[in-house]
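The next block holds one structure in the form of structure tokens; read it before the comments.
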């Protein structure tokens with residue numbers, strides 16, 4: 001986030017990003033903690049006057065994660081009057097010298113929500129100029145966030161769950177080759193429920209989008225699982 005002149009940005013328009021990562025067992029999101037407040041928030045930002053909205057979000061994601069090949073989708077627009085709380089922004093900016101009451105950053109903003117699916121192992125989180133830290137938090141034990149950011153996360157998760165099968169080829173949550181068990185763990189983490197192994201495997205194979213490779217031998221005596229990859233190129 002920047003305190004540049006309002007002439008740099010579109011008026012009253014912001015974005016918030018729900019960045020999902022999968023740790024192998026848990027679905028997580030990246031949250032920032034603002035200086036001297038203890039307040040947690042989603043990574044977000046503003047759109048430059050000469051910049052497409054999608055490019056602004058990609059720019060912000062690269063600054064926070066170091067990645068530029070990310071599946072990204074717009075899912076909702078948040079514009080309630082109640083989300084305008086200038087006193088919150090004043091408190092966030094206080095450690096940086098504060099702002100005048102008529103500063104553009106204290107005005108009402110409509111925020112466009114995006115969610116991203118990224119490989120947890122590839123991310124090197126980097127806080128912005130207003131934050132002490134940015135790190136992963138488990139979705140199922142999410143702390144209280146500023147403004148309407150908890151609601152934004154709920155909306156993003158609901159959208160992802162509803163369209164999960166359609167978004168399968170866009171997964172950046174797994175390595176290029178993965179076991180059926182790893183894929184099932186992703187589904188269970190997103191849906192928040194356990195799935196029957198046989199039924200899940202039958203469903204995935206029936207979709208016709210997985211390519212089977214060699215078995216993954218770990219040296220143990222148990223049956224070695226096959227490795228899989230998606231037949232189509234992943235979206236970025």
Problem - Matching option when the condition is closer than 18 Å to residue 71 by Cβ and either in a helix (DSSP H, G or I) or assigned by TED's automatic domain parsing to the domain that holds residue 62 (or both), among 186, 99 - result: 186
Handout entry: Filter result for the condition that a residue is surrounded by fewer than 13 Cβ atoms within 10 Å (Cβ to Cβ) and outside any strand (DSSP E or B), over 7, 93
Key = 7
Exercise for the section: With the condition kept exactly as written, say whether any residue in segment 72-82 is assigned by TED's automatic domain parsing to the domain that holds residue 26 and in a loop (DSSP other than H, G, I, E, B). Expected result: yes
Practice task
With the condition kept exactly as written, say whether any residue in segment 103-125 is assigned by TED's automatic domain parsing to the domain that holds residue 79, more than 19 Å from residue 32 (Cα to Cα), surrounded by 13 or more Cβ atoms within 10 Å (Cβ to Cβ) and touching a helix residue (DSSP H, G or I) at 6+ places or on another chain (Cβ under 6 Å).
Solution key: yes
Practice task
Quickly run through segment 153-183 and pick out the residues that are closer than 16 Å to residue 29 by Cβ and at pLDDT 85 or above.
Solution key: 153, 154, 155, 156, 157, 158, 159, 160, 161
Practice task
For residues that are touching a helix residue (DSSP H, G or I) at 6+ places or on another chain (Cβ under 8 Å) and part of a strand (DSSP E or B), scanning just segment 126-140, find the one that is nearest to residue 40 (Cα to Cα).
Solution key: 134
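The values are calculated or read from the model by the stated rules, or taken from the named source; none is laboratory data. Keep in mind the model is a prediction, meaning the values are calculated, not measured. As a convention, Cβ positions derive from the backbone with ideal geometry for all residues, glycine included, and neighbour counts pool all protein chains shown.
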